[in-house]
Structures are given as structure tokens and as C-alpha cells.
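Worksheet: one structure, shown below.
What follows is calculated from the coordinates using simple rules that are stated; it is not laboratory data. Model, not experiment: these values are computed from the prediction. Glycine also receives a Cβ, built like all others from the backbone with ideal geometry; neighbour counts cover every protein chain displayed.
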Amino acid sequence: MNAAPPIPLIGAVEAGGTTFLLPTGTGPDDLREVERIPTTSPAETLRRCAEYFEAARAKHGPLAALGVGTFGPAGLDPAQPDWGFITTTPKPGWQQTDVAGYFHRSLGVPVAFDTDVNAAALGEWKWGAGRGCEVLLYLTVGTGIGGGVTFHGQPLHGLLHPEMGHIPIWKPTALAAFPGVCPWHGDCLEGLASGPAIAARWGRTASELPPEHEAWEVEAECLAAACAGFACTLSPHRIILGGGVMEAPGLLAKVQQKSATRLNGYLQHPAITQRMAEFITAPGLGNRAGILGSLALGMARATSRNQEPTSL
């Protein structure tokens with residue numbers, strides 16, 4: 001009997017505004033190492049990433065592909081000249097940075113490129129709380145708010161990519177006079193419910209607020225309005241809420257309860273009417289959703305036929 005072919009070694013990049021996380025491995029049970037590189041200038045950060053992967057393949061063997069999940073906005077359409085770029089980000093110095101092209105040229109491997117939240121959604125679909133979900137929504141609530149969607153295991157792209165943190169939502173009374181912190185839209189979802197928005201409205205960071213503080217009821221109202229809206233528009237089989245803000249004790253349960261109240265029985269499906277704690281849930285992969293999702297992007301890229309860098 002012929003031996004099974006070896007599982008290809010994949011490199012991955014979870015590109016964050018503060019830190020780049022660089023896993024190398026073949027799956028969630030085989031991460032050889034995860035390197036952390038501070039996000040400084042594009043030239044320095046990308047060079048250090050490439051140097052790490054050069055050292056990793058000298059140590060572990062050749063890389064079959066590289067998967068990149070990045071902060072955005074990002075160019076995801078392979079027919080457009082900005083494919084693989086971080087585009088109009090507010091991150092100083094990172095506007096119009098060719099990330100995927102840099103890695104393809106410096107490492108000579110196929111590159112998959114997507115948003116960090118699409119990558120996290122893919123990781124949860126493949127290995128986490130989203131397994132078996134034909135339509136899966138992953139929403140991260142932290143320094144910003146972003147959402148990724150997988151449809152039959154493929155990240156959702158459109159004209160650009162989902163920007164779920166920038167939708168308008170119903171505004172709780174306690175935030176009526178609060179203008180929000182989003183530099184583009186003021187009181188969009190991110191402007192009202194992100195970590196910086198919590199700090200601006202209540203004078204303390206989310207980690208400093210006690211569980212009984214009214215801020216958490218208000219936060220849950222904002223997130224429930226978003227979840228109810230996404231439930232009606234995307235009709236996902238599951239909504240996963242991740243990110244640092246969601247680590248607040250009791251917040252997830254509040255969002256579940258308030259989402260049911262806001263839907264008011266309109267969506268008649270047992271997943272919502274009877275199993276809300278499963279319909280809106282925490283990441284199965286915890287804080288590894290992003291790095292494993294980026295690895296999953298690379299795994300899919302390694303098995304595709306076209307060896308030029310492209311999105312999935």
C-alpha cells in the first residue's frame with residue numbers, strides 16, 4: 001500500500017495593527033511555532049516577516065504556500081491592480097501597501113490574501129464553532145469591529161469586502177448625545193460599540209469597567225441590534241462573536257437575550273427560538289481563530305492549480 005503523501009507545510013500571517021502573528025504548520029494540532037512581530041513601518045515589518053519564514057523553512061522544510069489575513073480595508077479582487085494591498089487604512093504609513101506581492105516576490109511561494117475577519121470565519125468554519133455551517137458570520141469586537149462571512153466554506157467577497165462594523169444601528173438612549181468615535185461615520189456600530197467607543201463614552205476602558213456597570217447593558221443593546229440585523233439580511237446558520245471586548249463576563253449572554261428580544265419572534269426557526277445560545281456563540285478556537293484561519297487560507301492556496309498569487 002502506498003504511503004499517504006506528506007501534508008504540506010504552510011506559512012501564515014495574521015496582520016494586525018499592533019502585532020503580526022506568524023504561525024507555521026499543517027493544521028491546528030501541528031503549529032511548529034508562532035512568531036510575534038510588532039507592527040512598525042511596512043518596510044521593516046514585512047522584511048522581518050520574510051526573514052522569519054526564511055528561517056522557518058530552513059528549520060522545518062519548504063513552504064507550500066502562504067496565507068495572509070490582514071487588517072483593512074484591503075484589495076481582494078484579483079482583477080484589480082490593488083489586489084493584495086492594504087488600501088485606505090487609517091493605520092499611519094500603511095496606506096496602499098502591497099503585502100501579498102511582497103511575500104510572493106521575497107519568498108517565491110503562492111499567496112492567499114483576505115481580511116483578518118474573513119480568515120477568522122474560515123478558521124471557525126473549518127475547525128471551530130462554525131463546522132457544518134453553510135453560512136457563517138464571524139464578528140470581532142475590539143479596537144475596531146469587523147465581520148467575515150463564509151458561504152459553503154468560501155470567504156464572502158463582493159464589490160469590495162464586508163465592512164460590518166460601519167453599519168448604522170439603532171442607538172440606545174444612553175448614547176443619544178454620544179457622537180461616536182468613527183472618523184468616517186461617527187455613530188456607526190464601530191463608533192458606538194468598539195473598545196475605544198466604550199472608553200470615550202464611559203471614561204474607562206472595557207477592562208476597567210465592573211460587570212455590573214450600565215455600560216454592558218448598552219454595549220449588549222448595540223451588538224444585539226447588529227446581530228438581529230445580520231440574522232435578517234444574511235440568514236446565517238451561526239453568528240460567532242469574538243474579540244477582546246467580548247471577553248467581558250456576562251456580555252455574550254446579554255447579547256443573546258437582547259437579540260431574541262429585538263427579533264421579537266419574527267424569525268421562526270428552532271435555532272433562534274430554542275437554541276439562541278448556539279446560534280450566537282463564542283469562538284470555538286478562542287483567540288487562535290485568526291492565525292488558524294490564515295493557515296487555512298494558505299492550505300487552500302497550496303492545493304489550487306494556478307500558481308500565481310490570487311485570492312480564493
(message) What does DSSP give for the chain in terms of the percent of beta bridges that are antiparallel, rounded to the nearest 5?
(response) 60 percent
(request) Treating cross-link reach as a plain straight distance, find the lysines whose alpha-carbon is under 21 Å from the alpha-carbon of LYS171, omitting any fewer than eight places away in the same chain. (result) LYS254, LYS258
(message) To check you understand DSSP bridge types, tell me what percent of the beta bridges within region 129-282 (both residues inside) are antiparallel, rounded to 5.
(response) 60 percent
(message) For a quick check, take a GNM of the chain with Cα springs below 10 Å and name the residue from GLY244, GLY61, GLY11 with the largest mean-square fluctuation.
(response) GLY61
(request) Scan the chain and note any complete DSSP helix (H) whose C-alpha atoms cover at least 15 Å along its axis and whose Kyte-Doolittle average is 0.0 or more. (result) 215-234, 289-302
(request) Could you work out the per residue convex hull volume over the alpha carbons of region 129-282, in cubic angstrom? (result) 105 Å³
(request) Whole Å is fine, so just give me how far the alpha carbon centre of region 176-207 lies from that of region 263-294. (result) 24 Å
(request) Please report, in debye to the nearest 20, how large the charge dipole of the chain is about its Cα centre when each Lys and Arg carries +1 at its beta carbon and each Asp and Glu carries -1 there. (result) 340 debye
(message) With just the Cα atoms defining each centre, how far is region 10-61 from region 74-129? Give it in Å.
(response) 14 Å
(request) Take the Cα radius of gyration of region 1-120 and divide it by 2.2 N^0.38 Å, with N its residue count; two decimals is plenty. (result) 1.07
(message) Can you give the FRET efficiency to the nearest 0.05 for THR19 and GLN274, using r as the Cβ-Cβ distance and R₀ = 51 Å?
(response) 0.80
(message) Considering the Cα positions of the chain, please state its Rg to one decimal place and its Dmax as a whole number of Å.
(response) 19.6, 71
(request) Tell me which residues come under 5 Å, amide H to amide H, from PHE20 once H is placed; ignore anything under 5 positions away on its chain. (result) ILE37, THR39
(request) Provide the net charge surrounding TRP216, with neighbours chosen by a C-beta distance below 15 Å and charges set as Lys +1, Arg +1, Asp -1, Glu -1. (result) -3
(request) Kindly provide log₁₀ I(q)/I(0) values, in the same order as q = 0.21 Å⁻¹, from the Debye equation applied to equal alpha-carbon scatterers of region 213-261. (result) -0.69
(request) Within region 36-74, which residues have the backbone N less than 12 Å from the label spot 7 Å out from LEU160 along Cα→beta-carbon, could you tell me? (result) 72-74
(request) Return the calculated 222 nm mean residue ellipticity for the chain, to the nearest 500 deg cm²/dmol, obtained by summing -39500 (n - 2.57) across DSSP H runs with n ≥ 4 and dividing by the residue count. (result) -10500 deg cm²/dmol
(request) Just name one of LEU209, THR88, LEU76: the one whose Cα is farthest towards the positive end of the charge dipole of the chain (beta-carbon charges, Lys/Arg +1, Asp/Glu -1). (result) LEU76
